[in-house]
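Visitor: One structure coming up, written as structure tokens, with questions to follow.
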Amino acid sequence: MDKIARGLGAERQGKVSATGGYFGAMQLLADVEARFRVPARGGRPTDPRWTERRLVPLAPETLERLEKITSRVRAHGGVNVEPMQLAALLLEKTARHLSEAEAEQLVRPRRRASR
């Protein structure tokens with residue numbers, strides 16, 4: 001990439017990532033393909049760095065949306081990913097890019113109604 005930039009008389013400014021639409025879907029598929037590996041003992045492909053297991057409560061609509069997205073990933077990329085694996089991947093990406101100010105906005109204390 002540096003060679004191409006020099007050839008064009010340009011300068012690389014940083015990494016750009018897609019957030020939605022077709023390019024976001026293709027980026028998500030690339031992340032799944034790059035990170036997921038079949039464990040040595042066999043089984044479902046997963047990210048080998050995932051060692052913690054937690055229960056994550058979801059609304060039925062959220063799980064349904066995750067199921068639709070995973071079915072598209074399977075159809076387009078041939079990668080066998082499960083809805084909660086996709087949820088874990090999205091959670092990691094969001095946590096990585098969420099600023100401290102944005103995080104504080106998510107958990108700001110509720111105002112109590114005055115009596």
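Visitor: Among the residues of region 29-42, is any surrounded by 14 or more Cβ atoms within 10 Å (Cβ to Cβ), at negative phi and out of contact with any helix residue (DSSP H, G or I) (no Cβ under 8 Å at 6 or more places or on another chain)?
Guide: no
Visitor: Also, quick follow-up: Limited to region 20-40, what total is found for residues that are within 13 Å of the chain's Cα centre (by Cα) and either in a helix (DSSP H, G or I) or of a type in the set (G, A, S) (or both)?
Guide: Residues that pass the stated criteria total 13.
Visitor: Okay, moving on. Hey, among the residues in region 93-115 that are part of a helix (DSSP H, G or I) and among the hydrophobic types (A, V, I, L, M, F, W, C), which one's modelled with the highest pLDDT?
Guide: A95
Visitor: State all residues of region 73-92 that are touching a helix residue (DSSP H, G or I) at 6+ places or on another chain (Cβ under 9 Å), in a helix (DSSP H, G or I) and modelled with pLDDT under 85; if no residue qualifies, say none.
Guide: Once the filter is applied, which keeps residues that are touching a helix residue (DSSP H, G or I) at 6+ places or on another chain (Cβ under 9 Å), in a helix (DSSP H, G or I) and modelled with pLDDT under 85, region 73-92 yields V73, H76, G77.
Visitor: Sticking with this one: Any idea which residue in region 54-64 is nearest to A87 (Cα to Cα), counting only those that are among the charged types (D, E, K, R) and in a helix (DSSP H, G or I)?
Guide: My answer is E64.
Visitor: Please go through (1) surrounded by 13 or more Cβ atoms within 10 Å (Cβ to Cβ); (2) over 15 Å from A88 (Cα atoms) for T70 and return the number of the only condition it doesn't satisfy.
Guide: (2)
Visitor: Would you mind finding the one in T70, T51 that is modelled with pLDDT of 85 or more and part of a helix (DSSP H, G or I)?
Guide: T70
Visitor: Then there is this: Looking at this structure, is V32 β-branched (V, I, T), at pLDDT 70 or above and under 16 Å from L66 (Cα atoms)?
Guide: So V32 passes the test.
The values are calculated or read from the model by the stated rules, or taken from the named source; none is laboratory data. Worth saying up front: this structure is predicted, and the values here are computed from it rather than measured. When we count neighbours, we look across all protein chains shown, and the Cβ atoms used for this are built from the backbone with ideal geometry, even at glycine.
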